[in-house]
């Protein structure tokens, strides 16, 4: 592992921590205006992108050269950075990305908010904590 590789995932982790804080604040709201709901979905989107890219960087620094988000998520499970359940949720996000981009449709927007608040945010928070613990070892 080179120092540059190690530094890269740690820098992204810092940004991920900020994104998780914003996402948590957004998830704690009870009601949303259309703009706030779109903001929640947007914050979730870049938080998820940061998460799998951090795993990619970390795995690369450990000698793995995974290319796709799906293979990165699966390898993260194999090396025990993600639980089986959390891996399934990450893979679910990949398949539902299209739904999450249609927040201008009321029904899709409500579904997206519920998925983010109930399923996706808790998994991202656990992933952040796992990565933070890995950084501190």
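Sort through 105, 117 and tell me the only one that's touching a residue at least 24 places away in the same chain (Cβ under 8 Å) and farther than 20 Å from residue 12 by Cα.
Of the residues listed, the single one that is touching a residue at least 24 places away in the same chain (Cβ under 8 Å) and farther than 20 Å from residue 12 by Cα is 117.
Taking residue 24 as the residue in question, decide whether it is surrounded by fewer than 20 Cβ atoms within 10 Å (Cβ to Cβ), free of Cβ contacts under 8 Å to residues at least 12 places away in the same chain and either more than 12 Å from the chain's Cα centre (by Cα) or not in a helix (DSSP H, G or I) (or both).
In short, no.
Yes or no: residue 16 in contact with a helix residue (DSSP H, G or I) (Cβ under 6 Å, 6 or more places away or on another chain), closer than 16 Å to residue 121 by Cα and at pLDDT 95 or above?
Judged against the criteria, residue 16 is a match.
If you take the residues of the stretch 27-52 that are free of Cβ contacts under 8 Å to residues at least 24 places away in the same chain and outside any helix (DSSP H, G or I), which of them is nearest to residue 133 (Cα to Cα)?
Looking at the filtered set, the residue picked out is 28.
The values are calculated or read from the model by the stated rules, or taken from the named source; none is laboratory data. Predicted model, so just to flag it, every value in this text is computed and none were measured. Note: ideal-geometry Cβ built from the backbone for every residue, glycine included; neighbour counts use all protein chains shown.
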